1. Pick out, in residue order, every one of the GluC sites (Glu not before Pro) in region 26-75 that is DSSP loop and has at most 10 other C-beta atoms within 10 Å; say none if there are none.
2. From the C-alpha coordinates alone, can you work out the Kirkwood hydrodynamic radius of region 51-100, in Å?
3. For region 11-98, just run the numbers: alpha carbon Rg, then divide by 2.2 N^0.38 Å, N being how many residues it has.
4. As a check on your grasp of the helix formula, calculate [θ] at 222 nm for the chain: sum -39500 (n - 2.57) over DSSP H runs of n ≥ 4, divide by the residue count, round to the nearest 500.
5. Given +1 on the Cβ of Lys and Arg, -1 on the Cβ of Asp and Glu, and no further charges, what dipole in debye does the chain carry about its Cα centre, rounded to the nearest 20?
Amino acid sequence: MPKKIANKPSCATLLKVLADETRLAVLQQLMKQPKHVAEINASLGIEQTLLSHHLKTLRDAGLVVAERDGKAVLYSLAPEVEDVRPGKAINLGCCLVSFK
């Protein structure tokens, strides 16, 4: 029986995280290329505090990673999230998520 990786979210948890349209929109943007918080915020047009909440949820689920870039923060897909069809689908390890 394969060992479960500690702290790796279950498929159900990942799908719950992605059940939010804003988080899906953020993920779709990051599938194209890494982006700074200000770029994501400008394209989505939501409150910065709400965006921060969604980014934290995505980080906690291991779907995105944040990197300091001077005074800004650059977000990208986590290395564990495989962009199997660039801009169209990602492999979460437990399932494939496709975007129209």
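Here, each number is a calculation from the coordinates, and none is a lab measurement. Since the model is a prediction, treat every value here as computed from it, not as a measurement. Here the Cβ positions follow ideal geometry from the backbone for every residue, glycine too, while neighbour counts run over all protein chains shown.
1. Numbers: sites: 39, 47, 67; in loops: 47.
Answer by residue number: 47.
2. Details: mean 1/r = 0.0847 Å⁻¹.
Evaluated over region 51-100, this radius sits at 11.8 Å.
3. Numbers: Rg = 12.2 Å, N = 88, 2.2 N^0.38 = 12.1 Å.
Dividing the Cα Rg of region 11-98 by 2.2 N^0.38 Å gives 1.01.
4. On the way: 4 runs with 40 residues, N = 100.
The helix contribution divided over the chain gives -11500 deg cm²/dmol.
5. Working: 14 positive and 10 negative charges, 51 e Å.
Here the chain has a charge dipole of around 240 debye.
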